[in-house]
Amino acid sequence: FQHGALAGKRVFITAGPTREPLDPVRYISNHSSGKMGYALAEAAIDAGASVKLISGPVTLAPPARAECVQVETAEQMLAASMDGIDSCDLFIAAAAVADYRPVAIAEHKIKKGSEEIMELRLVKNPDIVATVAGLATSRPFTVGFAAETRDVIGYARSKLARKQLDLIVANDVSNPEIGFNSDDNAVTLVSAQEEINLAQASKRQLARQLIEQIALYISRNDSS
Ligand code: C5P
């Protein structure tokens, strides 16, 4: 592990799910454990970075040496991501952000009615990583994730382009041994020019390999 590979760098990492309230007692969310994002935060700190970890609700202990910001909704995650973004050198979006949120949050608990079918109205959430990658000034090096069940590299490449990312970490979540909630993962790091396969390993080991590779791309960027 290249020690000090991110020395002096300010790194923001989003992690975990977002939680979108429907009323005071209910929400829409997903099964993201936050393990990959938290492992990336640890690895970035070990590589010498100063890390802000912006996390949705998870059961993991926050890394001791990271600045941790706890959020619930996508809108809160966006606000925490943009706070101080001018000083950010590397932005890694590992969070599983809810694509939609309820149009309105009911003030009181929604009561069960006589109807058999109930419809929820949802509105699209802001795309956090695309917002950061689209910044006109002081845009950080931006890395996203793509969890896919088929044509993994194809969809990852189209997200890389559409969201204007520098790199995207593609993983095949159709394999139950890896991905959401599991301790292991296997990923492909995709740039506009190349693909780097990282074989199945613990999320901790993979995070260290990913940080090492990302740091290489940044040092090539800095020297060009
Ligand atoms: O489009 P999709 O959700 O598959 O893209 C995944 C990538 O985009 C991840 O890096 C995720 O953290 C990020 N994302 C985001 N804000 C959203 C949706 C996704 O930052 N609203």
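Every read-out reported here was derived from the displayed coordinates using simple, explicitly stated rules and does not represent laboratory data. Note that the structure is a prediction, hence the values are computed from the model and not measured. In this analysis, Cβ positions are derived from the backbone assuming ideal geometry, glycine residues included, and neighbour counts consider all displayed protein chains.
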Of all DSSP beta bridges in the stretch 10-219, antiparallel share, percent nearest 5 | 40
P(r), alpha carbons of the stretch 10-219 - 5 Å bins starting at zero, rounded % = 1, 7, 15, 19, 20, 16, 9, 5, 3, 2, 1, 0, 0
Taking θ as phi - 60°, what are the ³J(HN,Hα) couplings along the stretch 55-68 by the Karplus curve (6.51, -1.76, 1.60), each to the nearest whole Hz, with x for Gly and Pro?
-> 10, x, x, 9, 9, 7, 6, x, x, 4, 9, 9, 7, 10
How many angstrom lie between the C-alpha centres of the stretch 47-75 and the stretch 81-151?
-> 16
The stretch 1-113: relative contact order in percent, alpha carbon pairs under 8 Å with at least 6 residues between = 39
Here are some pairs, K124/K163; K52/K109; K109/K163; K35/K112; K124/K203; K124/K159; which of them have Cα atoms lying more than 25 Å apart in this structure?
-> K52/K109; K109/K163; K35/K112; K124/K203
What length, rounded to one decimal in nm, is gained on full extension from A7 through to I196, with 0.36 nm per residue of separation minus their alpha-carbon distance?
-> 65.7 nm
Spin-label model distance (nm) - N221 vs A104, 7 Å beyond Cα toward Cβ | 4.3
The stretch 6-22 and the stretch 196-212 have their Cα centres apart by a whole-number Å value of 18
Of every Cα-Cα pair in the stretch 130-224, the percent that sits beyond 24 Å = 21
Report, by chain and number, residues whose modeled amide H sits under 5 Å from the one on D23, excluding near sequence neighbours (fewer than 5 apart, same chain).
-> A106
Just name one of S202, I105, F91: the one whose Cα is farthest towards the positive end of the charge dipole of the stretch 10-219 (beta-carbon charges, Lys/Arg +1, Asp/Glu -1).
-> I105
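With the Cα gyration tensor of the stretch 87-153 in hand, give its eigenvalues times 5 under a square root as the equivalent ellipsoid semi-axes, listed largest first in whole angstrom. Before the final figure, lay out each step's value.
Working: eigenvalues 249, 61, 17 Å².
One finds semi-axes of 35, 17, 9 Å for the stretch 87-153.
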Just need log10 I(q)/I(0) for the stretch 1-115 at q = 0.16, 0.18 Å⁻¹, Debye formula, equal scatterers on the alpha-carbon atoms, no solvent, rounded to two decimals.
-> -0.73, -0.86
Percent relative contact order of the stretch 10-219, based on C-alpha pairs within less than 8 angstrom and at least six residues apart?
-> 20
